[in-house]
Amino acid sequence: MIRFPLILALAAAPAAAQAQQTDTMAEISALIDSRAVETAKTARQLWEWAEVGYQEQKSSDLLKQSLKANGFQITSGVAGIPTAFTAEYGKGGPVIAILAEYDALPGINQDAVATRSPIEGKGAAHACGHNLFGAGSVEAAIAVSKWLEKTGTPGRIRLYGTPAEEGGSGKVYMVRAGLFNDVDIALHWHADDENSAAARTTLANRSAKFRFRGVSAHAAGAPEKARSALDGVEGFNMMVNMMREHIPQQSRIHYVITEGGVAPNVVPDFAEVFYYVRHPDPAEVDAIWTRLEEAARGAAMGTGTKVDWEVIHGNNPLLVNEPLAKMMDAKLRQVGGISYTPEEQKFAEKIYASFDKPGHKLGSQEEVQPYDVTLGYGSTDVGDVSYATPTVGLRTATWVPGTSAHSWQSSAASGMSIGFKGVQVAAKTLTLAAIELYTNPELRAEAKAEFDKARGPDYQYKSLLGDRDPPLDYRK
């Protein structure tokens, strides 16, 4: 007689919780959809400006203005970076961070159309979708602030405006400055050709500009008087390319010659090559890097030149937190993927036809990919954040399935409605994840325990870029 009502009560509890979750989802979805035009306008404006690392003044200001208009307290110029900022709303409770990027990539540009169409006079583009990243993260932070205000829940939402992810490691300097010391959980997302919250780690990496200096002379009239800086660069590159056979399989080394002379009949007295080294283990990056430096010295010795180098950036690998990743996967599945209008479908089909090996099929933008734990071969300064506080992210289908990052196809979609729809998915998912974290202390505790275990009891943070100041002019 006593157990029967108890059983009914226990059965009703999950149903009530499910109903509340559905109501919250509906409210958040309606709020973010009501702001979709404004969010798309922000994303498009960042796309048009396409400001490169540490030069994103207009982009940073636009995001700050939007946050300030919605009651956030802004702190500009943090960590010694003019375009970095934090924006906070709320009081007491847990501190949930949302990361926002907004730097563009140099050396590529593309109009928001489905055929290769560079924009004359434009030297950069949002080919990694950071215009979407910035706009979507700001929208999520605003939505969370509205929920905190409406519910009276103790807690602070803090958006981090993080410049120069593309080779500038803006977040590393913010970590070094202690800006994440009081954060409970950090959330991030990224543009992609799929919807996924897989627990994906990344490669550690380090970069540097190697600068060779020689002696100029007439290449035909007095070659014996010259020592070619370009010979130094080419000798260095040759040795590194031979070294590739003798490094661990998961390593990556790539470079571009940024300066090599201007006239064939003038032996160049200065040449520069820009190198990246990557591996899942930071210790292996260090080991390969030592060999890289030795090769540079050998090339200088063999060509009668001198060499020095400047480390530009360095990122730790992303530290996976499975309790958070599984939660984010559940929220993404609650939101779901995106569907195309007939016009967007035509755009997508034309983009898709430009791929040799497309990978994901058209239509997969409507799905959420299976959850798994995997290694990604890119690198990000979010990795350093993930060693400062438990961190989790997701990817949404802002690009046509099959699109690679850093391509004209990704830039095209990042400037039009397909990209903007992916932003909506990201903003809704991040908002639901933040709400879960404010209201679920058990999950926060589980994530913190996983974080502490992964770092180990004797962990001490080490930046892969050393103690250098932010390279504010590295893109000039």
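Miscellaneous remarks
- S34 vs. criteria at pLDDT 95 or above, surrounded by 13 or more Cβ atoms within 10 Å (Cβ to Cβ) and either out of contact with any Cys (no Cβ under 6 Å at 6 or more places or on another chain) or outside the structural domain of R158 (by TED's automatic domain parsing) (or both): no
- Enumeration of residues in the stretch 62-90 that are at positive phi and assigned to a strand (DSSP E or B): G90
- Selected residue (only one of K421, K462, K476 is in contact (Cβ under 8 Å) with a residue 40 or more places away in the chain, in a helix (DSSP H, G or I) and not aliphatic (A, V, I, L, M)): K421
- Any chance V240 is closer than 30 Å to Y461 by Cα and either of a type in the set (A, V, I, L, M, F, W, C) or touching an Asp or Glu at 6+ places or on another chain (Cβ under 6 Å) (or both): yes
- Selection status of G337, crowded, with 19+ Cβ neighbours inside 10 Å and outside any helix (DSSP H, G or I): yes
- Note on the stretch 209-224: residues that are touching a strand residue (DSSP E or B) at 6+ places or on another chain (Cβ under 6 Å) and either within 13 Å of R278 (Cβ to Cβ) or free of Cβ contacts under 8 Å to residues at least 24 places away in the same chain (or both) amount to 0.
- Among residues of the stretch 441-459, those that are of a type in the set (G, A, S), more than 23 Å from the chain's Cα centre (by Cα) and assigned to a helix (DSSP H, G or I), counted: 2
- Lone qualifier among R227, R252 - being touching a strand residue (DSSP E or B) at 6+ places or on another chain (Cβ under 7 Å), surrounded by 16 or more Cβ atoms within 10 Å (Cβ to Cβ) and over 19 Å from G302 (Cβ atoms): R252
- Meets criteria (within 17 Å of the chain's Cα centre (by Cα), of a type in the set (G, A, S) and at pLDDT 95 or above) for G337: no
- Qualifying position, being modelled with pLDDT of 95 or more, over 18 Å from G422 (Cα atoms) and touching a Pro at 6+ places or on another chain (Cβ under 8 Å), among P268, P323, P280: P280
- Top-ranked residue in the stretch 336-395 [being polar (S, T, N, Q) and without any contact (Cβ under 8 Å) to a residue 40 or more places away in the chain; ranked as nearest to D281 (Cα to Cα)]: S339
- Hey, G161 part of a strand (DSSP E or B) and either within 30 Å of E27 (Cα to Cα) or of a type in the set (K, R) (or both) or not: yes
- Candidate set from the stretch 206-244 (those that are assigned to a helix (DSSP H, G or I) and under 30 Å from the mean Cα position of the chain (by Cα)); member that is nearest to A295 (Cα to Cα): V240
- Test: G232 is surrounded by fewer than 17 Cβ atoms within 10 Å (Cβ to Cβ), of a type in the set (G, A, S) and touching a strand residue (DSSP E or B) at 6+ places or on another chain (Cβ under 6 Å): no
The values are calculated or read from the model by the stated rules, or taken from the named source; none is laboratory data. Values in this document were obtained by computation on a predicted structure and should not be read as measured data. Here Cβ is always computed from backbone atoms with ideal geometry, including for glycine, and neighbour counts include all displayed protein chains.
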